[in-house]
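Student: Below: one structure in structure tokens.
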Amino acid sequence: MIGYITFSVFLDQMNCEGRDSELSYVTCGSLVKLFNTRHNVRLHSHDVKYGSGSGQQSVTGVENADDANSYWQVRGKPNNPCLRGAPIKCGQAIRITHMKTGRNLHTHHFSSPLSNNQEVSAFGENGEGDDLDVWTVQCEGIHWERDEAVRFKHLGTDVFLSVTGEQYGHPIRGQREVHGMSSPNQHNWWRTMEGVFIQPSQEPLRHDEL
């Protein structure tokens with residue numbers, strides 16, 4: 001299984017492999033920042049919990065391109081790992097794991113605190129959560145292309161990963177609410193930005209325990 005790796009190992013891999021891969025697709029195991037094209041923010045998380053709803057780790061959108069808490073790893077479903085370096089197919093079910101905390105992008109039937117849409121959180125430990133961590137990549141063509149705007153549809157509740165612009169106050173002032181919306185629209189387009197795109201020929205990332 002492609003496991004979650006610690007942030008320090010991720011930085012080592014970035015230094016070795018670089019940012020400018022020739023690959024045109026997002027591949028299994030890639031470490032990326034996801035950019036909302038409507039609101040110009042990157043998908044972000046940190047060890048700050050919601051004060052309402054599930055009380056799980058919050059997921060937000062940030063404008064700062066350099067924030068280390070905005071890296072995520074593309075992984076396969078629980079008990080059904082994808083092949084390291086294999087291009088992700090349109091319609092494929094994946095997990096999106098926050099690199100610094102090892103929790104998975106997750107949603108469930110709680111209301112989001114600002115917009116009253118569906119709450120999106122980061123859930124699990126060491127990269128393992130439950131079946132509500134699974135999203136499908138909605139794109140055109142055969143594979144998820146690096147420069148393509150795509151949507152992420154939640155497999156369990158059918159909502160789309162979205163941003164509509166609501167901003168938090170203290171302690172995460174200025175960060176945008178990320179939530180699930182029931183219909184595809186301009187608020188749920190995402191594309192990859194900075195990151196490391198894994199090639200099939202590269203040696204496996206080592207798995208370090210916290």
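Student: Could you check region 135-181 and list, in sequence order, the residues that are part of a strand (DSSP E or B) and hydroxyl-bearing (Ser, Thr, Tyr)?
Tutor: Residues satisfying the conditions are THR136, SER162, THR164.
Student: Only one of these conditions is not met by HIS106: (1) in contact with a Phe, Trp or Tyr (Cβ under 6 Å, 6 or more places away or on another chain); (2) modelled with pLDDT under 95. Which number is it?
Tutor: Failing condition for HIS106: (2).
Student: Select from region 22-38 the residues that are out of contact with any His (no Cβ under 7 Å at 6 or more places or on another chain) and open to solvent by 30 Å² or more (accessible area, probe 1.4 Å) and write down the one among them that is modelled with the highest pLDDT. Working first, answer last.
Tutor: As a first pass, look at region 22-38 and keep what is out of contact with any His (no Cβ under 7 Å at 6 or more places or on another chain): 22-24, 26-37.
Narrowing further to those that are open to solvent by 30 Å² or more (accessible area, probe 1.4 Å): 22-24, 37.
Details: GLU22: 48, LEU23: 72, SER24: 91, THR37: 98.
Residue satisfying both the conditions and the ranking: THR37.
Student: So which residues in region 120-148 are surrounded by 14 or more Cβ atoms within 10 Å (Cβ to Cβ) and over 22 Å from LYS33 (Cβ atoms), if there are any at all?
Tutor: GLU128, LEU132
Student: Does TRP190 qualify as being among the hydrophobic types (A, V, I, L, M, F, W, C) and either surrounded by fewer than 20 Cβ atoms within 10 Å (Cβ to Cβ) or more than 24 Å from ASP47 (Cα to Cα) (or both)?
Tutor: When the stated conditions are applied, TRP190 does not pass them.
Student: Can you spot a residue in region 149-158 that is surrounded by 13 or more Cβ atoms within 10 Å (Cβ to Cβ), in contact with a strand residue (DSSP E or B) (Cβ under 6 Å, 6 or more places away or on another chain) and at pLDDT below 95?
Tutor: Checked region 149-158: no residue is surrounded by 13 or more Cβ atoms within 10 Å (Cβ to Cβ), in contact with a strand residue (DSSP E or B) (Cβ under 6 Å, 6 or more places away or on another chain) and at pLDDT below 95.
The values are calculated or read from the model by the stated rules, or taken from the named source; none is laboratory data. As the structure is a prediction and not an experimental result, all values here were calculated from the model. Note: ideal-geometry Cβ built from the backbone for every residue, glycine included; neighbour counts use all protein chains shown. Only protein heavy atoms, including side chains, enter the accessible area calculation; ligands, DNA and RNA are left aside. Shrake-Rupley method; radii C 1.70, N 1.55, O 1.52, S 1.80 Å.
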